[in-house]
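The values are calculated or read from the model by the stated rules, or taken from the named source; none is laboratory data. Only a predicted model underlies this, so the values are computations on that prediction, with no experimental measurement involved. Glycine gets a Cβ as well: all are built from the backbone with ideal geometry, and neighbour counts include every protein chain shown.
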Amino acid sequence: MRSAPFIALMLAALSWQAASQQPQPAQAPQPAPAQAAPPAPAAAPSPDLYYKIGPDSLPQDGVPKGEVRGPFTLPSEAYPGTQHTYWVYVPAQYDPKTPASLMVLNDGQAFKNMDGDVRAPNVFDNLIYRREIPVMIGVFINPGRLPEQPEPTPSNWGDRDTNRPTEYNSLDDKYARVIVDELLPVLAKDYNIAKDPERRGIGGASSGAIAAFTVAWERPDEFRKVLSIVGSFTNLRGGHAYTDIVSRSEKKPLRIYLQDGRNDNRGVGRNGNYDETRDWFLQNVRLMRALTGKGYDLNYTWGIGRHGQKQGGAIFPDMMRWLWRDHAVSTDPNDAVERSFNDPVKK
């Protein structure tokens with residue numbers, strides 16, 4: 001006979017097996033383990049991040065400072081009823097007995113801004129002192145405006161409330177008349193400026209750059225050096241046509257430095273669709289190719305930046321050195337004057 005403990009053990013095992021085969025109450029579904037959200041993509045750095053002005057654009061100990069005179073007001077006959085505000089940079093080395101070179105900069109308020117991206121007066125001071133550019137008079141001229149309109153400022157260049165769009169973007173000779181027929185005679189009354197067009201340059205940024213090109217294009221007998229920062233050679237008022245105009249025209253005696261960035265305005269038209277005639281970078285490259293094809297004395301550089309003066313300001317000293325690289329020098333090893341800093345003229 002089986003012992004009582006054995007029988008009891010068997011009955012308990014059968015009971016457990018039967019219970020394990022009964023339907024179990026439904027279990028509530030368990031939520032999946034929470035997963036961390038993917039990290040947000042890092043913001044792309046600004047294309048202008050690495051463009052910074054260098055020592056040539058800053059005040060330097062021992063470098064004599066020129067004087068920025070003005071503002072002065074220039075009434076205009078080319079654009080009746082308007083007036084242009086301008087300032088004149090006079091280097092410490094200017095001698096009224098000796099003709100000085102001339103550099104005109106459109107949107108003058110931006111180029112002379114000593115907290116801005118260019119700070120041209122500092123550049124003039126430093127490069128003239130080291131004889132890297134000739135002694136020159138600088139003119140910072142603003143776009144025209146009616147007397148009741150506001151003066152352009154470094155934060156508002158005047159596109160919406162001055163005559164800037166008409167003067168700077170139109171392919172005609174009116175703005176050249178402002179510079180050549182209205183400004184130059186006034187300057188000649190107070191300063192001894194060289195009459196040789198090879199000793200006269202004009203520059204600007206954006207629309208001010210195409211305006212500078214137009215002045216030299218229309219009047220190469222007066223200006224032959226052009227400095228262009230993010231030039232608006234685009235279809236604001238037909239500026240994209242310059243590529244074809246250059247290609248079919250007789251070569252002119254101009255020296256040109258173009259700068260632009262791959263992230264400049266890239267052709268968004270009024271309807272939101274791509275419009276290559278309003279692609280700043282493309283049109284600058286097209287113009288470069290046309291000028292190169294005609295054999296112009298041309299330099300250019302393409303950066304990564306946006307529409308602004310960041311890269312142009314950083315390289316402005318180099319642009320000036322290149323444009324004025326052939327100013328007169330002495331190679332006489334005994335010329336102690338030539339081998340010394342360009343000191344101020346004694347008053």
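Looking at PRO150, PRO185, which is the one that is at pLDDT 95 or above, more than 17 Å from VAL88 (Cβ to Cβ) and surrounded by fewer than 16 Cβ atoms within 10 Å (Cβ to Cβ)?
Numbers: PRO185 fails: more than 17 Å from VAL88 (Cβ to Cβ).
None of the others qualify; the one that does is PRO150.
Taking every residue in region 80-91 that is without any contact (Cβ under 8 Å) to a residue 12 or more places away in the chain and acidic (Asp, Glu) and pairing it with any residue that is assigned to a strand (DSSP E or B) and surrounded by fewer than 20 Cβ atoms within 10 Å (Cβ to Cβ), at least 6 positions away or on another chain, yields no pair with a Cβ-Cβ distance below 7 Å. Scanning region 188-207 for residues that are surrounded by fewer than 18 Cβ atoms within 10 Å (Cβ to Cβ) and assigned to a helix (DSSP H, G or I) turns up ALA188, LYS189, ASP190, GLU198. For region 71-123, filtered to residues that are over 29 Å from LYS346 (Cα atoms) and among the polar types (S, T, N, Q), the residue that is surrounded by the fewest Cβ atoms within 10 Å (Cβ to Cβ) is THR73. In region 320-334, the residues that are at negative phi reach residues that are part of a loop (DSSP other than H, G, I, E, B) and surrounded by fewer than 16 Cβ atoms within 10 Å (Cβ to Cβ) with C-beta atoms within less than 9 angstrom, at least six apart or across chains, in these pairs: VAL329/GLU338; SER330/VAL337; SER330/GLU338; SER330/ARG339; THR331/GLU338; ASP332/GLU338; PRO333/ARG339. Screening LYS112, LYS97 for residues that are of a type in the set (Lys, Arg) and over 25 Å from the mean Cα position of the chain (by Cα) leaves exactly one candidate, LYS97. Picking from residues in region 316-347 that are of a type in the set (A, V, I, L, M) and farther than 24 Å from TRP157 by Cβ, the one that is surrounded by the most Cβ atoms within 10 Å (Cβ to Cβ) is VAL345.
Could you tell me whether region 291-313 includes any residue that is in contact with a strand residue (DSSP E or B) (Cβ under 9 Å, 6 or more places away or on another chain), β-branched (Val, Ile, Thr) and without any contact (Cβ under 8 Å) to a residue 60 or more places away in the chain?
Step one: filter region 291-313 for residues in contact with a strand residue (DSSP E or B) (Cβ under 9 Å, 6 or more places away or on another chain), giving 291-292, 296-313.
Right, trim to β-branched (Val, Ile, Thr) and you get 292, 301, 304.
Applying the additional criterion that residues be without any contact (Cβ under 8 Å) to a residue 60 or more places away in the chain yields 292, 301.
Yes, the conditions are met somewhere in region 291-313.
Kindly indicate whether any position in region 49-58 is out of contact with any strand residue (DSSP E or B) (no Cβ under 9 Å at 6 or more places or on another chain), of a type in the set (A, V, I, L, M, F, W, C) and at pLDDT below 95. No, region 49-58 has no match at all.
Using the structure shown, decide if ARG164 is out of contact with any Cys (no Cβ under 6 Å at 6 or more places or on another chain), among the basic types (Lys, Arg) and within 21 Å of VAL345 (Cα to Cα). Judged against the criteria, ARG164 is not a match. Among residues of region 208-261 being among the acidic types (Asp, Glu) and part of a loop (DSSP other than H, G, I, E, B), the one that is surrounded by the fewest Cβ atoms within 10 Å (Cβ to Cβ) is GLU250.
How about region 61-173: which helices (runs of 4 or more DSSP H) wholly inside it have at least 2 residues that are touching a helix residue (DSSP H, G or I) at 6+ places or on another chain (Cβ under 6 Å)?
Fully inside region 61-173 and qualifying: 120-129, 164-169.
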